[in-house]
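Novice: Dropping a structure here in structure tokens format, bear with me for questions.
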Amino acid sequence: MERLKKGYALCWILTSLLTTNVVCSQSFQSKFTVETLNNASVKLIPFPQKVEWGKAVRTISSFRVEADSILPKSIQSELESICNDMGILRDGKAKDVIHFHKDPSLPDEGYDLTVTEKAIHITAATEKGQFYALQTLRQLISHVDGDILLKQCAISDWPAFSIRGYMLDVGRNFQSIQSLKEQLDVMARYKLNTFQWHLTDRPAWRVESKVHPELNDPKNHRPSRDPGMFYTYAEIRDLIEYAAERQIQVIPEIDMPGHSDAFTTATGHKMESREGIKILERILEEFFNEVPKSYCPILHTGSDEVEIEDPKGFMDHMVNFVRDHEREVMVWNPGLEADNDVIRQTWKPDYVDQKGYREVDSWNNYINNGDPFIHIPKLFFKPIGNGSKNKILGGIICLWPDVNLNEEQEAITTNPLYPSLLTYAWTTWTADVQKASKDYLTMVPPKGTVENEYFDAFEKFLMHHKEAYFKDKPFPYVAQANTVWELSGPVGMPQKSKVKKLASGNTVYIRDRFKQGGQFPEAQPGETYVAKTYVHSSKEQEVDAWISFETPYRANRVYSGIPQRGKWDANGGTVLLNGQPLPSPEWKNPGWKPSKTEGWGTSQDQETPWEKEELYWTREPTKVYLKKGWNEVEIKVPGTNSYQNWMFTFAIGQQGIEFSTKPVTE
């Protein structure tokens, strides 16, 4: 093994020099290069810190295992899973061998993985490193013409951050243990290692309570939000054990003193009251007795979006109570003030104090607050930590299905969960993009820039994994780096100068709801902008297209509503294909609108589940007939109010389709 390591050492050094600290432009800096990603023999997510590709692939049908010491149960289980999934036999007499080696000098979650023509060598200091090496090995295996192939390579890998996480709110809408385990499985495959379990919220209390069973009584839960559904302590321990086998730490969140309507309804006391604090202590005492420290070393206590009379007294008391039970405390930031030893989870960067506390980045990564085609570049180009000078532990991506659901699966189908998880797994493991323009919070980098080329290279990884591993799961994303538009506007307003610019992406913001940017951030209601592109088809064909205007954010039932019959857009937007109006979908609820056009949704609207037709990725795609050659697409996008997500989407998923703003004459 030592000889193999030395043999690859020079290659790794050269690879490191070629792929780290590359300044691509004044506003962009990345760890890897476009060439490194494009030339990768296997589209690994997350991409390894160092890799040298061998020139050959080898076939494998069976293997035996050799190890320096007894392999942990989780590693044995993962080897069995790889065999079952890939059709490989585990045979003690097989010629092919997987060697497991211990090297205490490697990082805690790091590993070396070497695939030669004779053997597979996995070296790690810990069980975590072994597990992550197997996740990479799984992706290195492919099936071609009945053969099982394994790419030769030498990889040295480790994560940039210790917390690489995903948060799911089950307080508003319950999720079954089976559904949670399916999501944990995806996390594990991509080396995400933290699951934040938001267990309590206004509608319901999802943690079993034997000392206060009224918290679980359905009459004390919101009638429309899975009343009476909660997790027993046996289920909580089971899920934590399941996660631990996959190297995932669970951080339970019991929100206090805000988001506590269910608590107040059940007990008759506000959390911050004297009696409320006593009840909380009994609840937490029970929780700590049922869930050992080894299962739950960190407890998240929320603390955000609430004002109380004595915030310092409440926070000091509850933080000390949790610490007295030997648990770390984590809170939201902004939230009620806590001491600097408490871990902050930042959801608004303007509230970050540079005090040296431990910090987890959750700013601008809410999956439910994103359009699929804008959310992915936003996650990809936003460096973890967002410039904070505190001690950044990593990041946690969040899913808040605030609006009522018809069924639990809608939490996933109404949000771009899986493409987001894969992108965030990449960024939190690699710390790849180190500097990028804030423009990419609301747009795809323009064609012709290094950033666009880099994103195009990443999209090839994302699309490979969609096809290889997510055919049976919702994955609302198709490549968009090469979709281009010519934008102009405002039109029809002689008193204002018309501006022209080029844009990229399947979704284009004129101006986003939160005024973070867009192509025309100074656009005003009453103005109309025009987007034009040309789509090339090699033959006459009918293609599936996602076409839409305003994407509703799934945290808030406030948007312009469903268009009238025969219309594409509730605000008056139009779509022309080769000069002719493109027929709109047959809306089932034409003209439906929520009660409000800005702010937070009304209680009635928030209890109205999403209809499939409201989100372009959940309704049936539009059939679009393309003639052979170039097809002109023109989209008019009017703005009518200041809270509007002023935007449009036009996406074609078929292969072989080309976009251009200046088509070549045929």
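Novice: For every helix of n ≥ 4 consecutive DSSP H residues, a contribution of -39,500 (n - 2.57) applies; sum these over the chain, divide by its total residues, and give [θ] at 222 nm rounded to the nearest 500 deg cm²/dmol.
Specialist: So the calculated ellipticity at 222 nm is -8000 deg cm²/dmol.
Novice: Packing-wise, with mean Cβ within 10 Å as the measure, how do 228-236, 138-146 rank, highest first?
Specialist: Result, highest mean first: 228-236, 138-146.
Novice: For an R0 of 22 angstrom, estimate the FRET efficiency from the Cβ-Cβ distance between residue 274 and residue 305 and round to the nearest 0.05.
Specialist: After rounding to 0.05, the efficiency reads 0.45.
Novice: For residue 434, what residues show an amide H to amide H distance below 5 Å, using hydrogens built from the backbone and excluding near sequence neighbours?
Specialist: 29, 30, 31
Novice: Stretched out fully, how many nm does the piece from residue 337 to residue 515 gain, at 0.36 nm a residue minus the Cα gap?
Specialist: Going from the current span to full extension adds 61.3 nm.
Novice: While we're looking at this one, here's another question. Using the beta-carbon distance between residue 237 and residue 80 and R0 = 22 Å, what value does 1/(1 + (r/R0)^6) give for FRET efficiency, to the nearest 0.05?
Specialist: 0.40
Novice: Taking all protein chains together and a probe of 1.4 Å, list 206, 189 from the most accessible to the least accessible.
Specialist: Sorted by accessible area, descending: 189, 206.
Novice: To continue, here is another question. Taking a 19 Å limit on the Cα-Cα distance, which of the listed pairs 447/532; 348/438; 471/539; 498/636 fall beyond it?
Specialist: Listed pairs above 19 Å: 471/539.
Novice: What length, rounded to one decimal in nm, is gained on full extension from residue 177 through to residue 524, with 0.36 nm per residue of separation minus their alpha-carbon distance?
Specialist: Gain on extension, residue 177 to residue 524, equals 120.2 nm.
Novice: Quickly work out the residue 632-to-residue 95 label distance, labels modelled 7 Å from Cα along the C-beta direction, and quote it in nm with one decimal.
Specialist: Modelled inter-label distance: 6.5 nm.
Novice: Quick one: if the Förster radius is 35 Å, what FRET efficiency do residue 499 and residue 578 give, using the C-beta to C-beta distance and rounding to 0.05?
Specialist: Once rounded, the FRET efficiency stands at 0.85.
Novice: Calculate, in nm to one decimal, what residue 544 and residue 608 gain on full extension: separation in residues at 0.36 nm each, minus their alpha carbon distance.
Specialist: 20.2 nm
Novice: Any lysines with Cα under 25 Å of the residue 102 Cα? List them, leaving off those in the same chain fewer than 8 positions away.
Specialist: Counting by Cα, and skipping residues close in sequence, residue 102 has these lysines nearby: 5, 6, 50, 73, 93, 118, 128, 151, 191.
Novice: What order, most packed first, do the peptides 641-652, 492-503 have when packing is the mean number of other Cβ atoms within 10 Å of each residue?
Specialist: 641-652, 492-503
Novice: Can you give me the solvent accessible area of residue 261 with a 1.4 Å probe, rounded to the nearest 10 Å²?
Specialist: Looks like 70 Å² after rounding.
Novice: Right, another one. Counting alpha carbon pairs within less than 8 Å and at least 6 residues apart, what relative contact order, in whole percent, applies to the chain?
Specialist: Computed value for the chain: 11 percent relative contact order.
The values are calculated or read from the model by the stated rules, or taken from the named source; none is laboratory data. Note that the coordinates shown come from a computational prediction; the quantities given were computed from them, not determined experimentally. We place every Cβ from the backbone using ideal geometry, glycine too, and count neighbours over all the protein chains shown. We work out accessible area using only protein heavy atoms, side chains counted, and drop any ligands, DNA or RNA first. Shrake-Rupley method; radii C 1.70, N 1.55, O 1.52, S 1.80 Å.
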